[in-house]
């Protein structure tokens with residue numbers, strides 16, 4: 001069997017298993033999660049052994065430290081994976097949830113309910129924690145899952161998927177509900193993206209070039225998790241105590257995340273009162289500042305920002321700063337340079353806040369709070385498969401409910417259309 | 001300016017106008033619809049004159065009668081367009097509707113509300129009624145719209161879009177919220193499909209090859225409106241009076257629609273009682289029957305169905321008939337050969353009905369009713385832009401609400417993430 005046939009067979013088996021999974025209850029899916037949790041804990045050393053093989057190969061090939069760090073699984077990280085399994089176990093199953101029910105004048109009862117999407121393809125790089133997290137979120141929400149992880153994590157992924165399959169078998173669930181693609185090299189990605197008869201959704205998780213490849217080659221719907229160029233705008237009516245505290249948190253609390261603020265916008269009327277102390281705080285946290293022309297007049301010692309800075313997701317202790325003439329200019333700047341992710345206004349003026357929240361075209365818009373809150377857990381959705389920067393189907397944090405679609409059940413007693 | 005620059009300029013103008021449209025109220029959008037309604041009625045003869053130009057060119061080029069029929073606008077059809085405008089006017093605006101509201105333990109209030117998607121590209125063939133219907137549905141739901149219609153309707157489309165722009169201007173709305181692309185020929189379609197920075201969603205409306213081109217070339221999310229290979233399954237516990245009536249309606253009431261039944265599945269235990277009279281009814285309505293081996297034993301005079309028939313959307317007075325051994329076989333057949341559109345079971349057994357409704361992976365599943373009901377109007381959604389056969393974002397009839405997405409508004413008083 002060549003690699004294409006192998007991929008196709010795996011995908012077809014997953015589709016068949018998805019249809020079988022429709023009949024299983026929440027209790028049975030939770031039983032699988034319970035079993036998987038045990039297996040992950042019991043096999044900790046074996047997982048680490050397989051992971052060490054992967055790490056060893058990558059060290060020889062001179063991958064960066066950051067890459068090795070994402071690839072590496074130690075006891076602490078495996079415990080974190082195990083905890084996520086417990087978290088997902090405790091979340092309510094969205095499948096079967098009633099969205100709406102109406103009775104039409106002709107007596108037809110139409111019930112709209114949540115159902116699984118079908119088969120979901122996850123295309124990701126070399127973070128083995130994604131292997132387990134994506135699988136359990138998809139399975140709990142009733143979906144089949146095709147995993148196509150980076151080749152650098154091959155040994156780890158095979159071990160993890162075997163544990164998942166063991167737990168499925170042990171719980172009486174179809175073991176082919178999850179399949180890992182390890183053949184075909186890079187070609188297998190493009191091939192998978194054409195199998196629209198069997199795969200309903202593709203979720204890429206990784207850097208810009210991975211997402212670009214997926215978007216440009218997919219015949220299957222894709223939900224992207226692009227960059228977060230997030231903004232905090234300090235309005236002329238801001239409470240400065242709140243502004244200093246929130247802006248600092250949005251930048252420094254975890255700068256490598258997509259919901260960290262990358263650009264600070266400041267109203268011209270408040271800039272002189274606000275910026276000097278803000279700059280002091282940034283300095284204490286080693287944040288590099290890059291300012292516009294007007295900012296440099298107040299903070300002459302910082303770097304100059306160029307046009308590219310406004311588009312950049314630093315993911316680091318760097319912030320660009322721009323002084324704007326009005327609320328409207330702030331909104332325009334965000335809609336032009338942002339990535340529709342998370343943006344905040346700091347103001348005591350309710351009218352300005354409402355205008356900002358209405359007109360900024362982003363998934364999450366904040367009034368007087370840190371952009372860092374855009375997260376499945378913080379939004380009460382539980383574990384998330386990622387944060388969508390698309391507008392179709394799911395926007396912002398994607399939890400279990402966002403991994404479902406709906407169907408209409410129509411109950412009649414012989415109705416025909418006239 | 002070459003055609004690419006022209007297309008890009010139009011798309012950018014539409015994006016800017018979409019952001020402006022965010023501030024307009026339902027009342028202002030309805031005022032536009034009222035004005036458009038008047039203009040369509042007042043300009044009936046001018047629309048017909050432009051349409052006659054298009055029809056004349058197509059007659060010379062020997063297009064089929066069916067093609068000319070779809071292209072042609074007479075007074076009756078224009079009245080129908082005008083009526084649709086009034087229908088959309090009377091529908092509630094989904095924008096701003098609250099989906100959910102929670103307060104988190106840290107005091108953050110998170111409100112999930114409906115918002116427009118953004119800029120929607122409609123790629124369609126030569127049905128000028130789509131020009132108006134798509135525009136008004138997109139505008140009422142707050143979206144910008146790029147229309148790329150078939151070149152054969154060019155004169156008609158230019159006239160209609162000019163009337164829409166006049167009505168927008170008259171109502172104080174941004175006239176560039178709608179733009180028609182008439183340059184660049186076929187290349188303009190592929191070019192549009194790459195402009196993901198400005199267009200948020202593509203809806204193709206047309207035949208298989210148009211949809212295939214769009215799906216294979218788009219970098220932008222697409223919601224497909226593919227074929228409807230719909231089934232009605234007559235279970236062994238069916239009430240035969242209901243079965244005869246519903247099956248006949250599902251096939252003959254309007255056979256050219258996507259929700260008409262194309263395949264009849266019959267349980268083996270009831271086939272001898274059910275099929276002869278069903279065949280009599282089909283004959284009265286000139287329905288051509290194509291049966292499986294077992295069906296031919298009961299109805300020896302009909303044609304034999306081959307494997308291709310099970311996949312075929314006839315859109316005509318033709319039906320394929322298959323006898324199945326069980327409810328499970330019926331479900332498997334539908335999930336294999338169907339298009340996830342609309343499927344029905346006729347039975348008095350509630351357990352069988354529930355099993356069918358749960359396990360058939362389609363947008364609309366019916367118990368004891370005709371598949372013909374899958375329609376925005378019949379489902380209480382009002383006018384629809386089409387019937388999605390995708391599972392992502394919108395499934396089944398797509399009305400105003402399905403042309404929106406959501407965003408999170410988060411209200412705080414200085415919360416930061418720990």
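Kirkwood Rh over alpha-carbon pairs of segment A:230-373, then Stokes-Einstein at 20 °C and 1.002 mPa s: what D in µm² s⁻¹, rounded to an integer?
Numbers: Rh = 14.5 Å.
Rounded, D is 148 µm²/s.
For the residues of A:219-228, the average number of beta carbons from a partner chain within 10 Å of their own beta carbon is 3.
A simple packing score, the average count of other Cβ atoms within 10 Å per residue, orders the peptides A:111-124, A:129-142 as A:129-142, A:111-124, with the highest score first. Neighbouring Cβ atoms from other chains, within 10 Å of the Cβ of residues in B:401-408, number 5 on average. Spin-label pair residue B:90-residue B:68: with each label point 7 Å from Cα along the Cα-Cβ axis, the two points sit 3.6 nm from one another.
Among beta bridges identified by DSSP and lying wholly in the protein assembly as shown, the antiparallel ones come to about 25 percent.
Placing dummy labels 7 Å off each Cα toward the beta-carbon, the span from residue A:111 to residue A:99 is 1.6 nm. Compactness of segment A:4-148, taken as the C-alpha radius of gyration over 2.2 N^0.38 Å, stands at 1.33. Relative intensity of chain B on a log10 scale, I(q)/I(0) at q = 0.13 Å⁻¹, equals -1.12, per a Debye sum over C-alpha point scatterers of equal strength in the absence of solvent.
For residue A:293, the point set 7 Å out from Cα toward Cβ sits 8.3 nm from its twins in the other copies, listed from shortest up. Counting only alpha carbon atoms, the long axis of helix A:208-217 and the longest principal axis of chain A meet at about 50°.
When all alpha carbon pairs of the protein assembly as shown are counted in 20 Å bins from zero, the resulting P(r) reads 15, 43, 34, 7, 0 %.
In nanometres and ascending order, the distances from the residue B:304 label point to those of the other copies are 8.3 (point 7 Å from Cα along Cα→Cβ). Taking a point 7 Å from the Cα of residue A:26 along the Cα-to-Cβ direction, the residues of segment A:389-418 with backbone N closer than 19 Å to it are A:399-407. With label points defined 7 Å past Cα in the direction of Cβ, position residue A:45 shows copy-to-copy spacings of 9.4 nm, given to one decimal and shortest first. Distance from the alpha carbon centroid of segment A:111-168 to that of segment A:399-418 works out to 27 angstrom.
For segment B:296-365 versus segment A:282-328, the spacing of their alpha-carbon centroids is 63 Å.
The helix-based estimate of mean residue ellipticity at 222 nm for chain A, built from -39,500 (n - 2.57) per DSSP H run of four or more residues and divided by its residue count, is -13500 deg cm²/dmol to the nearest 500.
Can you tell me which of B:70-78, B:148-156 comes out highest on packing, and rank the rest after it, using the mean Cβ neighbours within 10 Å?
Packing order, densest peptide first, comes out as B:148-156, B:70-78.
How crowded by other chains is A:25-36, given as the mean number of beta carbons from other chains within 10 Å of each beta carbon? Before the final figure, lay out each step's value.
Working: counts 0, 0, 0, 0, 0, 0, 0, 0, 0, 0, 0, 0.
That works out to 0 on average.
In chain A, the longest principal axis of the Cα atoms and the axis of helix A:240-252 are about 50 degrees apart.
Here segment A:298-385 is described by how far its Cα atoms reach on the three principal axes: 44, 32, 21 Å, from widest to narrowest.
Report, to the nearest 10°, how far helix A:3-21 tilts away from the longest principal axis of the Cα atoms in chain A, using its own Cα long axis and a range of 0 to 90°. With both axes taken from Cα atoms, the answer is about 80 degrees. Averaging the Cα positions of each part gives two centres, and for segment A:36-97 and segment A:191-244 these lie 24 Å apart. Chain A residue nearest by beta-carbon to the axis mapping A to B, with distance in Å: A:393, 2. Given R0 = 25 Å, the distance between the Cβ atoms of residue B:268 and residue B:307 translates into a calculated FRET efficiency of 0.80.
Quick one: of the DSSP bridges fully inside chain A, what percent are antiparallel, nearest 5? Expressed as a percentage, antiparallel bridges in chain A total about 30.
Here the spin labels are modelled as points 7 Å beyond Cα on the Cα-Cβ line, and at residue A:9 and residue B:80 they lie 5.2 nm apart. When Rg and the Kirkwood radius Rh are both evaluated on Cα atoms of segment A:179-243, their ratio Rg/Rh stands at 1.31. With 0.36 nm allotted per residue and the present C-alpha distance subtracted, the residue A:281-residue A:208 stretch has 23.1 nm of extension available.
Sorting check: for A:250-258, A:32-40, which peptide has the highest mean count of neighbouring beta carbons within 10 Å, and how do the rest follow? Spell out each step's value before the answer.
Numbers: A:250-258: 19.0, A:32-40: 20.6.
The most tightly packed comes first, giving A:32-40, A:250-258.
Read the figures in this text as sums done on the coordinates, not as results from a lab. Computed from a prediction, not measured in an experiment: that's the story for all the values here. Please note: Cβ atoms are built from the backbone with ideal geometry, for glycine as well, and neighbour counts cover all protein chains shown.
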